[in-house]
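The values are calculated or read from the model by the stated rules, or taken from the named source; none is laboratory data. These numbers were taken from a predicted model, which means no experiment stands behind them. Neighbour counts run over all protein chains shown; Cβ positions are idealised from the backbone, glycine included.
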Amino acid sequence: MSVKPFCINCLSGLSPGSSVCPHCGFDSSAYEAPLHHLPPYTPLSGGRYVLGRSVGTGGFGITYLAFDTRLGLPAAIKELFVSGKVRRENTHIELLDTTGTGRRYYAQIKQRFIQEAMALAEMEEAAGLVRIRDYFEENQTAYIVMEYLDGRTLKEELKNRPRNLTMNEAVQLLKPVMEALEKLHRHGIIHRDVSLDNIMLCKDGRVKLIDLGGGKRLDETNENTVAIKKSAYTPVEQILGRAGQIGPQTDVYALSATLYRCVAGRLPKPAGERESDQDIVKPSSLGAVLTRQQEAALLKGLAVDPERRTRSVLELYQELSAPKKRHVLPVMFVAAVLLTGVFTAVLLQTGGPDLTVLTSLLKQNAHPTGSAVMSEPSSFGDPRLSPTASPKKPAVSPTATPSPVPSPTFTPVPTPAELLSSGEEYILPVTPVPEEEILSSGEEETEFE
């Protein structure tokens with residue numbers, strides 16, 4: 001099938017004899033493919049796909065724009081090209097290690113690449129996950145065909161923003177990506193390459209996690225795996241190639257580093273350079289807008305030791321959703337209020353002080369812990385109970401069947417305006433205050449569990 005001339009940058013049609021795109025202004029004739037990349041207009045899969053320019057490269061492969069001649073649609077194609085293990089000879093891939101061990105290793109990598117493509121193609125569609133259309137083997141390697149996303153990466157978006165995101169804005173923006181990661185993890189797949197570069201903000205408003213095909217299945221125990229190393233996004237277990245420690249918490253670290261960059265304006269100190277969990281600049285000291293609980297949750301997601309790190313993306317989301325905290329009032333203040341009310345009631349009812357009635361009322365209203373917990377309604381409309389209160393159990397018929405407990409879900413995050421109006425304590429982007437001054441001020445620290 002003949003292919004009409006198209007722009008290798010945006011895949012729009014070109015006028016005959018012209019190389020400059022009237023839509024994006026890109027000059028296809030001036031483009032030079034990077035070293036080891038396939039050149040534009042290379043046909044694949046019997047000519048069904050024709051490549052545009054390359055748009056990304058990583059430890060496991062190279063991603064190209066492409067045109068699907070059968071469907072007449074743009075696409076994105078990822079080619080398996082393991083850095084340090086292969087080289088390009090014309091369009092074909094050649095192994096650097098041609099021994100039996102090297103050949104077996106690359107065959108395993110290629111098989112896993114295709115198996116993962118098959119698993120992803122069979123998965124239910126997730127809002128934040130790029131769709132897989134096709135996969136095939138060619139040129140001694142393998143390819144995954146994905147839907148084409150028209151937009152720009154989160155990295156490009158942040159560069160053009162006049163200010164950093166607040167934590168609530170960042171969490172709400174990346175909610176589809178978090179849901180996509182949860183779905184991958186439930187299917188036993190770890191992405192291992194979450195970063196600003198691999199999150200697409202589409203022009204139609206969708207937010208998508210891309211660059212699949214570099215993942216790792218949870219049932220793999222082979223230590224001889226290729227580690228994707230992206231510095232500040234990469235946890236220690238991935239840097240050191242500890243396959244047994246790679247799991248959902250690996251993606252939690254990369255996602256937390258991505259959130260850190262969104263709110264703080266820079267990436268956190270790389271895990272490989274940190275001596276402890278505390279060896280990191282708190283985002284609040286960089287002017288980030290987030291609550292103390294959100295900061296604690298973010299730093300837990302960036303824990304160096306995977307055993308101390310947040311265990312799942314859903315858990316991270318829930319901890320970042322900024323639930324309202326309990327406000328503890330000094331017992332003397334509460335006692336004074338109660339005492340005033342009691343005296344007023346007694347005087348109005350009896351016409352004078354009655355120590356017996358007063359003592360009885362005080363005993364009924366006394367708080368055994370020495371402080372009073374102000375209850376606030378939860379997001380489901382149920383009042384929060386004091387930790388010391390004993391809630392009355394509702395009467396249940398002997399034949400009644402208890403209602404099933406709903407599984408955790410990704411609920412909406414309050415907007416900054418909603419959170420500020422709720423009375424939640426916010427860390428505002430002001431001149432940093434020394435920690436000792438905060439502690440000495442008597443200000444309550446937000447509890448993190």
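Table for the structure above
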| quantity | calculated |
| --- | --- |
| Residue in region 105-116 that is more than 25 Å from the chain's Cα centre (by Cα), farther than 15 Å from residue 136 by Cβ and free of Cβ contacts under 8 Å to residues at least 12 places away in the same chain present | yes |
| Matching helices (runs of 4 or more DSSP H) fully within region 233-306 where at least 3 residues are in the same structural domain as residue 183 (by TED's automatic domain parsing), more than 21 Å from residue 154 (Cα to Cα) and at pLDDT below 95 | 236-239 |
| Qualifying positions in region 287-301 - farther than 12 Å from residue 169 by Cα and β-branched (Val, Ile, Thr) | 291 |
| Test result for residue 20, closer than 28 Å to residue 233 by Cβ, of a type in the set (Val, Ile, Thr) and surrounded by fewer than 20 Cβ atoms within 10 Å (Cβ to Cβ) | no |
| Candidate set from region 177-199 (those that are more than 22 Å from residue 241 (Cα to Cα) and of a type in the set (Lys, Arg)); member that is surrounded by the fewest Cβ atoms within 10 Å (Cβ to Cβ) | 186 |
| Search result, residues across region 166-176 that are surrounded by 24 or more Cβ atoms within 10 Å (Cβ to Cβ) and within 13 Å of residue 201 (Cβ to Cβ) | 170, 174 |
| Subset of region 93-131 that is part of a helix (DSSP H, G or I) and of a type in the set (Ser, Thr, Tyr) - its residue that is surrounded by the fewest Cβ atoms within 10 Å (Cβ to Cβ) | 101 |
| Flag for residue 129 being assigned by TED's automatic domain parsing to the domain that holds residue 202, under 23 Å from the mean Cα position of the chain (by Cα) and aliphatic (A, V, I, L, M) | no |
| Flag for residue 177 being touching a Phe, Trp or Tyr at 6+ places or on another chain (Cβ under 8 Å) and of a type outside the set (D, E, K, R) | no |
| Residues satisfying the stated conditions in region 10-28, i.e. polar (S, T, N, Q) and touching a strand residue (DSSP E or B) at 6+ places or on another chain (Cβ under 6 Å) | 19 |
| Leading residue by the ranking (modelled with the lowest pLDDT) among those in region 5-61 that are in contact with an Asp or Glu (Cβ under 7 Å, 6 or more places away or on another chain) and outside any loop (DSSP other than H, G, I, E, B) | 56 |
| Among (1) modelled with pLDDT of 90 or more; (2) touching a Leu at 6+ places or on another chain (Cβ under 8 Å); (3) of a type outside the set (Asp, Glu); (4) not in a helix (DSSP H, G or I) - the single one residue 149 does not satisfy | (2) |
| Whichever residue in region 318-349 is under 30 Å from residue 246 (Cα atoms) and touching a Leu at 6+ places or on another chain (Cβ under 9 Å) and, among such residues, is modelled with the lowest pLDDT | 322 |
| Flag for residue 314 being modelled with pLDDT of 95 or more, buried (at least 24 other Cβ atoms within 10 Å of the Cβ) and within 27 Å of residue 153 (Cα to Cα) | no |
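For (1) in contact with a helix residue (DSSP H, G or I) (Cβ under 9 Å, 6 or more places away or on another chain); (2) surrounded by 12 or more Cβ atoms within 10 Å (Cβ to Cβ); (3) touching a residue at least 12 places away in the same chain (Cβ under 8 Å), each residue gets a yes or a no:
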{"residue": "4", "(1), (2), (3)": "no, no, no"}
{"residue": "14", "(1), (2), (3)": "yes, yes, yes"}
{"residue": "26", "(1), (2), (3)": "no, yes, yes"}
{"residue": "36", "(1), (2), (3)": "no, yes, yes"}
{"residue": "43", "(1), (2), (3)": "no, yes, no"}
